[in-house]
Amino acid sequence: MNSRVGPACLIIIQCILSIMASGQLQLTTELGKNVSETTSSKEILLKEAIDQLYKETMIRLEIEKKLRTLTEEVSNLKAGYEKVCAAIQTDKENGSQGMTISAVGFSALLSKDATLGVKQIVKYDNVITNQGNGYDKWTGIFTAPTAGLYVFSCTIMAFDRSAIHIEIVQDGRLISTVNSDISPWNQGSETVVLTLKKGGKVWTRAQHVGKIHGLYNIFSGFLTSTEI
C-alpha cells in the first residue's frame, strides 16, 4: 500500500512543481516584457528630448547669427551716419569760409587841381579807404588782390570853363568814358561792374589834354563776390 502511494505522490508533486515552474516562467517573461517596454519608452522619450533640444539649439544659433548681422548693420549705419555728419560739418565750415570774404574796397580823391595829358593816368592821391590795399595812390592803379566781381565808379569835374573826358580802363581795355563839359560846376559820373582775375588792374586816364578840379574828382571800387 505504501509502496503504491509513494510513486503517485511523487508524480503529483512533480506536476505541481512543473505547474509552478511554468507559472514562474510566465511571470518572469511578463516582467521582462514590461521592463523591456518601459526601457523602450524611456529611449523614445530621451530621443524626443534630444531632438527637441537640438531644434532649440539650432533656433538659438540662428537667432544669434541674425543678431550679429543686425549688430553689424547697425554699426555700419552708425559709422555712415557719423561720416555724413562729418561731411556736412566740413561743408558748412567750408561754406562759411567761402562766405567770409576779406573786404576789398577803396575810395580816393584828388587833393588839388591837375592838368592831364593824353592817356595820362589820374593819380587820386587823397586815399579815404583802401581795404585790402588794392589801390596804389602813386600810380593811380587798382590791382585786384583776389578774383571776383567788382564795382567801380568815377565822378569828375573839369576845371573852370574847360571840358574833360576821363576813361575807365581795365587791363588796358577801354571800358567807359565819363564827361564833364564847359558848364560851370558840371560833373559827370559812371559806374561799371567788372569781372577781374587776381592781379587784374583798373584805372582812369584822360582821353585828351585837360584840367580837372581838385576835391570834386573821386575814384572808387569794391569787391562784391568771389563767386565767378
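The values are calculated or read from the model by the stated rules, or taken from the named source; none is laboratory data. Because the structure is predicted, anything quoted here is derived from the model rather than measured. Every residue, glycine among them, receives a Cβ derived from its backbone with ideal geometry; neighbour counts consider all protein chains shown. Each accessible area value is taken on the protein alone, full model and side chains, heavy atoms only, with ligands, DNA and RNA left out. Shrake-Rupley method; radii C 1.70, N 1.55, O 1.52, S 1.80 Å.
Quick notes
- Boolean, Thr139 is of a type in the set (Ser, Thr, Tyr) and open to solvent by 50 Å² or more (accessible area, probe 1.4 Å): yes
- Exactly one residue out of Ala108, Ala114, Ala144, Ala158 is closer than 17 Å to Ser225 by Cα and either touching a residue at least 12 places away in the same chain (Cβ under 8 Å) or surrounded by 13 or more Cβ atoms within 10 Å (Cβ to Cβ) (or both), and it is Ala144.
- Some residue of region 185-193 being over 20 Å from Gln120 (Cα atoms), over 49 Å from the mean Cα position of the chain (by Cα) and loosely packed, with under 14 Cβ neighbours inside 10 Å: yes
- Restricting the search to strands (runs of 3 or more DSSP E) fully inside region 129-228 and requiring at least 1 residues that are under 15 Å from Ala108 (Cβ atoms) and of a type in the set (A, V, I, L, M, F, W, C) gives 141-143, 148-157, 164-170, 201-206, 210-212, 218-225.
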